[in-house]
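Step one of this worksheet: look at the structure below.
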Amino acid sequence: MIKKKILTVIGARPQIIKAAALSRAIQGHFSEQIEEVLVHTGQHYDENMSAVFFEELGIPKPHYNLAVGSGSHGQMTAAMLSGLEGILTQEQPDAVVIYGDTNSTIAAALAAAKIHIPVVHIEAGLRSFHKAMPEEINRIAADHMSTLLFVPTQAGITNLVHEGFHLNVHVKATIDHPNVYHCGDVMYDNSLYFGQLSEQKSSIISHLALEKESFILCTIHRDNNTDQAASLQAIFEALLELVERTNLSVILPLHPRTKGKIKQLLSSSFQALLKKEARIKLIEPASFLDMIALEKNARLIVTDSGGVQKEAYFFAKPCVILREQTEWVEVVEAGAAILTGADKDKILNAAHQLLSRAIQTDPAIFGDGNAAHFICEKISSDL
């Protein structure tokens, strides 16, 4: 079998984490079949949000870093597209591997497809059915430019069938005749692998003097929550009321976007009120191992992150989702999470309901913990 060269494109923090599973599988089992070249677009450029993840998760250092940084969707995507095209021309990989639904995802898919390099989309088939979300546009477009589509859930397979994809497998996949696989979720692979590691290496629970299930873990980063004063205020008003109602504290690792918008959009009097409430602890962005430790020890999780809502399910934690739709519909259907958007009353009602439930989870929805191994096998055989 001829050794395949893949060029993996990552940029946002969740993609760095997802790439760990594939890199681990290549290093451990497929080093003779696959060579990986890693490209970091620099979409997340904060040291705590990016570089430390490579060290902590054992991912090889990127061969290239485009250092794109922040900007509008158009500016970021254009800069990535230009930079990636040059790297692809130089490296001539057998395939480009993309993750999820970010600007890095769509830029890499476009750059590769236009010069006839096969695209491998991990987390294909996910849909929120809300095209006002930039991520939804990225998901749909990336899937339709892909040659291999690796789908984490059965719902994702159903979505692709409805869009005209066929499930018959071709000996050699092409962009016109792609192969679609239900493979499970690489993040479930990671949660199994890093769950025990976090217990050994993370000290955040003791550092913050937290007791198990004595706190609510919250993350906020999506622009429809952070960039609208009314939405941001409603979420924080709900958190203030939650600590009063439940006597639980709130731990909120601050995304750089959220930190800036709090200062910009919330009144000085409301910021003072937040600062005065000692039970709401705004902390620096947490490393992945620290986030796992926080998730495993929280009583309730409140988030607008796709990854965090799913990890909450893995660890059997109830989750309030600060969005109107989610691509992880199985979590909601299982009764483990409730969609609220940035509506204060809905957030409070959802928290009340979830705190009274015994959360039952079925991790098999997300595979058997060997998704990355399966993906490597198919990259080796289908391209």
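The values are calculated or read from the model by the stated rules, or taken from the named source; none is laboratory data. None of the values given here were measured: they were computed from a predicted structure. Don't worry about glycine lacking a Cβ; one is built from the backbone with ideal geometry, like all the others, and counts go over all protein chains shown.
For A293, indicate whether it is at pLDDT 95 or above, in a loop (DSSP other than H, G, I, E, B) and at negative phi. Against the criterion (at pLDDT 95 or above, in a loop (DSSP other than H, G, I, E, B) and at negative phi), A293 does not qualify. In the set A342, A316, A358, A364, only one residue is free of Cβ contacts under 8 Å to residues at least 24 places away in the same chain and in a loop (DSSP other than H, G, I, E, B); that residue is A358. Within region 49-63, is even one residue part of a loop (DSSP other than H, G, I, E, B) and closer than 22 Å to N224 by Cβ? No, there is no match, as no residue in region 49-63 is part of a loop (DSSP other than H, G, I, E, B) and closer than 22 Å to N224 by Cβ. For region 260-280, enumerate the residues that are surrounded by 15 or more Cβ atoms within 10 Å (Cβ to Cβ) and among the charged types (D, E, K, R). Hits for region 260-280 are K261, E277, R279.
Evaluation of H352 against the conditions (1) under 20 Å from the mean Cα position of the chain (by Cα); (2) surrounded by fewer than 23 Cβ atoms within 10 Å (Cβ to Cβ) shows that the sole unmet condition is (1).
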